[in-house]
Amino acid sequence: MTKPPKYFETWLARGISFIFNPLWFSILFIIYLVTHKGYDRADAMGIIIAGSLSAFILPVLIIGYMVKRGMTSHMDIPERSQRIVPFMIFSLIYLVTFLISVWTGLPGAFNAVLFAIFINTIIYGIITLWWKISIHCAGIAGYLSATTLIFGPRHVVLWLIVPVLCWSRIRVKAHTPMQTVVGTVLGGVLTWLEIWLADYWFNIL
């Protein structure tokens, strides 16, 4: 059996990296959350608006502006040193969104995920001062942890996405194997711990 040409592998890896970008995945998570938790219309709309703005629309606009101004070469922000400021801005966005969400009384599961994203972004930013980890892998692992905790263990099958994503990030030369593994472990474990503690203290799930 002949191996597929390298250009096909690269094309496939780029497609996987694009599809499983945490920015896109955040929208899927939000849709799944509001359609499977039975929230009323007001809560569902609040989650859609707050989640979409903080986890997708504003980050895409900010990174797009950076690309247009030549502050980074790609929407993935491949340069480690150029990730610091966006991490600071994103963490502030997540914090403000979390505080507004709590103040307006949006559901606890959504607030716990927002808070986890806020804390994780700060931690990733601190690590990035010295080393570059895969935010693709960290972000997807975080959402998978949240999905598994909120919706039940049957969703563990979704974790099959992770090795495929790790392979894609390595194949496009965005990260080393260690950077994908550390990103996955950090995103998965931190989010799991944060949401589990939130449920333990506040019974939100």
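Observations on the model:
- The residues of the range 73-89 that are surrounded by 14 or more Cβ atoms within 10 Å (Cβ to Cβ), free of Cβ contacts under 8 Å to residues at least 60 places away in the same chain and in a loop (DSSP other than H, G, I, E, B), listed by number, are M75, I77.
- Taking the range 17-41 as the range and being in a helix (DSSP H, G or I), among the small types (G, A, S) and out of contact with any Lys or Arg (no Cβ under 9 Å at 6 or more places or on another chain) as the test, only S26 passes.
- Within the range 55-72, residues that are in contact (Cβ under 8 Å) with a residue 12 or more places away in the chain have Cβ atoms under 6 Å from residues that are polar (S, T, N, Q) and crowded, with 16+ Cβ neighbours inside 10 Å in these pairs: A55/S26; F56/S26; M66/T72, counting only partners at least 6 apart in sequence or on another chain.
- Every pair of residues 6+ apart whose Cβ atoms lie under 8 Å, when the first sits in the range 123-149 and is more than 19 Å from C166 (Cβ to Cβ) while the second is hydroxyl-bearing (S, T, Y) and surrounded by fewer than 21 Cβ atoms within 10 Å (Cβ to Cβ): G125/S91
FYI, it's all coordinate maths here, none of it is from the lab. Quantities reported herein were computed from a predicted structural model and do not represent experimental measurements. Positions of Cβ are generated from backbone atoms using ideal geometry, with glycine treated the same way; all protein chains shown enter the neighbour counts.
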